[in-house]
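K.L.:
Have a look at this one before I ask anything.
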Amino acid sequence: MKKRNMYLNDDQKEIVNFVIILSVIVVLVLIIYGVSYLVSKKNTYHYDEVTPGEINYDIASVGTMLNRPEEEYYVVIYDDADLNAATYGSLVSTYSASSPESLKVYRVDLANKLNESFRAQDGKSNPKAKKVSDLALGDFTLIKVAKGEITKYIEDLDQAKKELK
């Protein structure tokens, strides 16, 4: 009986190496696919959940505060991040709820990028301003507008409370 040669020739070795490499690549691809599938399954987002947007008609910007539809109204201007912002907001809410005949009050947030350029530099406000481009606003300002013109400019909180009573 003749012994069979257990050794492979060069062509057979290449085929075996090719099959091994191909098998390793297929296994790696399947592992990567499985991991990515599990990760994506955990991070599913519900795009079908729609939250309706709301428009707040009580908020204005400094640039549009003189062209509101009412004949006469107030504009309260302050920074929402200010420590006294709750006090200013309470003042407006109390006034608005006091009477149905009370004038409309618009709020302007000085922290808003549209309004930042109107903030007074070095505390030098301009209470004599009659148009938007002349405004230099302090930390708190109450402005009364009639027929598109500034008729009152109040920076003192106590005076503003008296005005809104």
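The values are calculated or read from the model by the stated rules, or taken from the named source; none is laboratory data. All figures in this text were calculated on a predicted structure; none of them were measured in a lab. Calculation scope for accessible area: heavy atoms of the full protein, side chains included, ligands and nucleic acids excluded. Shrake-Rupley method; radii C 1.70, N 1.55, O 1.52, S 1.80 Å.
K.L.:
Amide H to amide H, which residues 5 or more places from Arg119 or on other chains are under 5 Å from it, using H placed in the peptide plane?
P.N.:
Leu137
K.L.:
What pairs in Lys124/Lys152; Lys104/Lys152; Lys113/Lys147; Lys124/Lys147 have C-alpha atoms more than 25 Å from each other?
P.N.:
In this structure, Lys113/Lys147; Lys124/Lys147 lie more than 25 Å apart at Cα.
K.L.:
Okay, next question. If the reach is capped at under 14 angstrom between alpha carbons, list the aspartates and glutamates near Lys130, excluding any in the same chain fewer than eight residues apart.
P.N.:
Glu149
K.L.:
With a 1.4 Å probe and every protein chain left in place, tell me how much accessible area Val105 has, in Å² to the nearest 10.
P.N.:
10 Å²
K.L.:
Let me ask another. Express the C-alpha Rg of the range 105-165 as a ratio against the empirical globular expectation 2.2 N^0.38 Å, rounded to two decimals.
P.N.:
In units of the 2.2 N^0.38 Å rule of thumb, it is 1.09.
K.L.:
Treating the angle as unsigned and between 0 and 90°, give the value, to the nearest 10°, between the Cα long axis of helix 85-98 and the longest Cα principal axis of the chain.
P.N.:
60 degrees
K.L.:
Moving on to the next point. Output the 0 to 90 degree angle, nearest 10, between the alpha-carbon long axis of helix 10-42 and the longest principal axis computed from the alpha carbons of the chain.
P.N.:
The helix 10-42 is inclined about 30 degrees to the chain.
K.L.:
Still on this structure, I have one more. Tell me, what is the percent relative contact order of the chain, built from C-alpha pairs under 8 Å that lie six or more residues apart?
P.N.:
Answer for the chain is 21 percent.
K.L.:
Using a 1.4 Å probe over the heavy atoms of the protein chains, calculate the carbon and sulfur portion of the accessible area of the chain as a whole percent.
P.N.:
Details: 7110 of 12600 Å².
It is 56 percent, rounded to a whole number.
K.L.:
Using a 1.4 Å probe, how large is the accessible area of Glu149, given in Å² and rounded to the nearest 10?
P.N.:
Answer for Glu149: close to 120 Å² accessible.
K.L.:
Please give the per residue accessible area of the chain, computed with a probe of 1.4 Å over protein heavy atoms only, in Å². Mind showing how you got there, number by number?
P.N.:
Values: 12600 Å² over 165 residues.
Value for the chain: 76 Å² per residue.
K.L.:
In square nanometres, what is the average projected area of the Cα convex hull of the chain?
P.N.:
Value for the chain: 21.6 nm².
K.L.:
Nearest 500 deg cm²/dmol is fine: what mean residue ellipticity at 222 nm does the chain get from its DSSP H runs of n ≥ 4 alone, each adding -39,500 (n - 2.57), divided by its residue count?
P.N.:
-11000 deg cm²/dmol
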